[in-house]
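Heads up: the structure comes next, in structure tokens.
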Amino acid sequence: MVETRIAARYARALFSLAYDRGLDEEVRKDLAAVQSLRDNSLEFRAMLSSPAMASTAKIRLLGEVLSGLVNDLTIEFLDLLVGRRREAYLDPVVRLYDQLLKEKRGIVEAKIVTARPISEAMIEEITAHLAQSTHSDIVLSLEIREELIGGLILQVEDQQLDASILRQLKTVRKELSESKY
């Protein structure tokens, strides 16, 4: 809970600065690149997470590694994060920054989980219906999970509609097991 509040403060501050300067999308890409670098480079990850390395040394190395690759605002932000020993909050800051950017742009993420692939026409129909009901642009992802047997699960932000055959079978099983007859 405290971690979320800390990360939210940093994400809001960065987003506000980036948005005011017209760099919101560029900073989003920079943060994704930094995460990718951390995930794919053992040395970079070790440097960021090392409690033994002084913040000033980390800041100097960040400047050397990222200079010319990312925007100055991104480097300044990372310097602040590292200088305050908050580098462990990078992932939640990036996630919350993305969320703020999507909210500002009126984008809503949705996910459809089905047992089998569905047609493009069905995808377009669901997307159009969601866009109309949420008054937002929809970014739709698809997932196939055969264990659902049939039907679908629709997730829109923090809401979920489970209309799968698997859930219906589980409900019937539970009702039968609780039945007195």
Worksheet, complete the sentence: Scanning region 117-132 residue by residue, those more than 19 Å from Lys102 (Cα to Cα), exposed (fewer than 12 other Cβ atoms within 10 Å of the Cβ) and of a type in the set (A, V, I, L, M, F, W, C) turn out to be Ala121
Worksheet entry | Subset tally (residues that are of a type outside the set (Ser, Thr, Tyr) and within 22 Å of Arg5 (Cβ to Cβ)) for region 35-75 | 2
Practice prompt. Run His135 past the list (1) surrounded by 13 or more Cβ atoms within 10 Å (Cβ to Cβ); (2) over 17 Å from the mean Cα position of the chain (by Cα); (3) closer than 28 Å to Ala32 by Cβ and report the number of the one that doesn't hold.
Written response: (1)
Item to complete: Identify, from the list Leu176, Leu78, Leu148, the residue that is crowded, with 16+ Cβ neighbours inside 10 Å and either outside the structural domain of Arg38 (by TED's automatic domain parsing) or over 20 Å from Phe15 (Cα atoms) (or both).
Response: Leu148
Worksheet item: Among the residues of region 91-105, is there at least one that is more than 30 Å from Ile75 (Cβ to Cβ) and of a type in the set (Phe, Trp, Tyr)?
Response: no
Discussion item. Go through region 46-75 and report how many residues are over 28 Å from Tyr19 (Cα atoms) and either surrounded by 18 or more Cβ atoms within 10 Å (Cβ to Cβ) or not assigned by TED's automatic domain parsing to the domain that holds Phe15 (or both).
Written reply: 1
Practice prompt. Enumerate the pairs (first residue in region 1-26 and surrounded by 15 or more Cβ atoms within 10 Å (Cβ to Cβ); second residue anywhere and of a type in the set (Asp, Glu) and in a helix (DSSP H, G or I)) with beta-carbon separation below 7 Å, excluding pairs fewer than 6 apart on the same chain, so at least 6 apart or on different chains.
Written response: Phe15/Asp24; Ala18/Asp24
Worksheet item: For region 154-181, how many residues meet the condition of being part of a loop (DSSP other than H, G, I, E, B) and not small (Gly, Ala, Ser)?
Response: 4
Response to the item:
Going through region 151-160 in order, the residues found to be surrounded by fewer than 14 Cβ atoms within 10 Å (Cβ to Cβ) and at pLDDT 95 or above are Gln160
Item to complete: Having 1 or more residues that are in contact with a strand residue (DSSP E or B) (Cβ under 8 Å, 6 or more places away or on another chain) is the bar; report the helices (runs of 4 or more DSSP H) wholly within region 1-119 that clear it.
Response: 24-40, 72-83, 90-105
Worksheet item: Restricting to region 120-153, what's the tally of residues that are assigned to a helix (DSSP H, G or I) and among the β-branched types (Val, Ile, Thr)?
Response: 4
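The values are calculated or read from the model by the stated rules, or taken from the named source; none is laboratory data. Being a predicted model, the structure only gives us computed values, none of them experimental. Cβ sites come from the backbone with ideal geometry, for glycine too, and all protein chains shown count toward neighbours.
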